[in-house]
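Notes to accompany the following structure.
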Amino acid sequence: MSSTSREWIRQPIIVVMGHVDHGKTTLLDKIRGTAVARKEPGEITQHVGASIVPASVLKKIAEPLRKYFPKLQIEIPGLLFIDTPGHELFANLRKRGGSVADMAILVVDVMEGFQPQTVEAINILKEKKVPFVVAANKIDRIEGWKPTPDAPFLETIRNQSQRTINILEEKIYRIAGELYNHGFEAERFDRVRDFRRTVAIIPISAKTGEGVSELLALMTGLVQQFMKKKLVTSSEPAKGVVLEVKEEPGLGTTIDVIIYEGVLKKNDLFIIAGKSKPVVTRVRALLMPRPLQDMRMHEGRFTQVEEVYAATGVKVSAPDLDDALAGSPFYVIPDETRLQDYLKMVSEEVSELRFKVESD
Ligand code: GDP
């Protein structure tokens, strides 16, 4: 692995955005639950700050949808979801010229339609040029709705009365109209002809699970069709972003990092932005969540690994992290003679970042 370079397609990094109480957390819980229940033995779905829906699960979910998406083959290793929804964590995913997030799910309560934070989220996604789909959530609350837990939307819709279908259609049109006011053409996902021009609206219930499989399958299809090249990474020094800075009992200050390119190894030299100046230090330990089944009272929540590959969320323990800045870029420095280049790069990026924070 160390001498020969290797290439692979990484998981796309996905964020969930939307107005408070529209169901972001419930949707992430549902997705995580699906991933855990349907994974193969030994597959790890829990990362630090993120969860993965592995390819094996995407395959199982896509199976009942084969009649609607006959050509869907799973070519990506999975989808990586940032665990904490909303604007704040999204702000920490910045990278030069955009966002570390490859795609977003904008959750809109189908009963309430657009609300102030929905608009804020759209504006952020527009500014950062992050493609998104809209999850029209809480369809189970539509008058007369007869739920079939975890069923695909296109199946459960057939069990509804014409009246209930009409109410849903009206609400979807309303959301499409709001999107139009913000510069986007939008349609219910099964009526979209060109996904490059039209935002897909997927009716779901995060509570009953209806439509969630289509949401995941659709995102997989979109990513594979439109951003596969962007997802190619190789066994090069890691690039990432500091999602959060956290005090951990027994470890001191640690950073939770989303790695979007390359490989990160124990003892790697890396640079991040600090509150006053860049911090250059070495990885002391790479920590991943301990799988629930072998959690021992005295062993703590984390387990050590020697290396991690993009895309992943990992906790990094290292000396001198007290001044670490959330939202900072994270770069492994391949050899010490290049330290000056990296110091310059991080200083530049961070002055942009500070300017951004002040003008927000
Ligand atoms: P967040 O603030 O966007 O993360 O919203 P939450 O996930 O905390 O959800 C807010 C409330 O809406 C909670 O009481 C959820 O149980 C409820 N909720 C979320 N999704 C659904 C859904 O699909 N159907 C129904 N009936 N309730 C939902």
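The values are calculated or read from the model by the stated rules, or taken from the named source; none is laboratory data. Source: prediction; values computed, not measured. So basically every Cβ, Gly included, is an ideal-geometry build from the backbone, and we count neighbours across all protein chains shown. Remember, those area values only see protein heavy atoms, side chains included, never the ligands or the DNA or RNA. Shrake-Rupley method; radii C 1.70, N 1.55, O 1.52, S 1.80 Å.
Some points to look at:
- Qualifying residue in the stretch 164-185 (condition: among the small types (Gly, Ala, Ser) and open to solvent by 20 Å² or more (accessible area, probe 1.4 Å)): yes
- Pairs are defined by a Cβ separation below 9 Å, a sequence spacing of at least 6 or placement on different chains, a first member in the stretch 16-39 that is under 23 Å from Leu93 (Cα atoms) and modelled with pLDDT of 95 or more, and a second member that is open to solvent by 40 Å² or more (accessible area, probe 1.4 Å) and away from the ligand (no atom under 13 Å from the Cβ); the pairs so defined are Met17/Glu120; Met17/Ile124; His19/Pro116; His19/Val119; His19/Glu120.
- All positions within the stretch 24-35 that are out of contact with any helix residue (DSSP H, G or I) (no Cβ under 9 Å at 6 or more places or on another chain) and either of a type in the set (A, V, I, L, M) or near the ligand (Cβ under 7 Å from one of its atoms) (or both): Lys24, Thr25, Thr26, Leu28
- Candidates Ala186, Ala176, filtered to the one that is assigned to a strand (DSSP E or B) and more than 18 Å from the chain's Cα centre (by Cα): Ala186
- Evaluation of Met345 against (1) modelled with pLDDT of 90 or more; (2) out of contact with any Leu (no Cβ under 9 Å at 6 or more places or on another chain); (3) more than 19 Å from Arg94 (Cα to Cα) (one fails), failing number: (3)
- Set side by side, the residues Val308, Val314, Val257, Val279 differ, and just one is more than 19 Å from Arg10 (Cβ to Cβ), open to solvent by less than 30 Å² (accessible area, probe 1.4 Å) and out of contact with any Pro (no Cβ under 8 Å at 6 or more places or on another chain), which is Val279.
- Considering the conditions (1) more than 16 Å from the ligand (Cβ to nearest atom); (2) modelled with pLDDT under 95, Val53 is excluded by exactly one of them, (2).
- With respect to (1) within 15 Å of the ligand (Cβ to nearest atom); (2) surrounded by fewer than 17 Cβ atoms within 10 Å (Cβ to Cβ), the lone exception for Ala135 is condition (2).
- Residue in the stretch 202-224 that is farther than 30 Å from Pro334 by Cα, part of a loop (DSSP other than H, G, I, E, B) and away from the ligand (no atom under 16 Å from the Cβ) present: no
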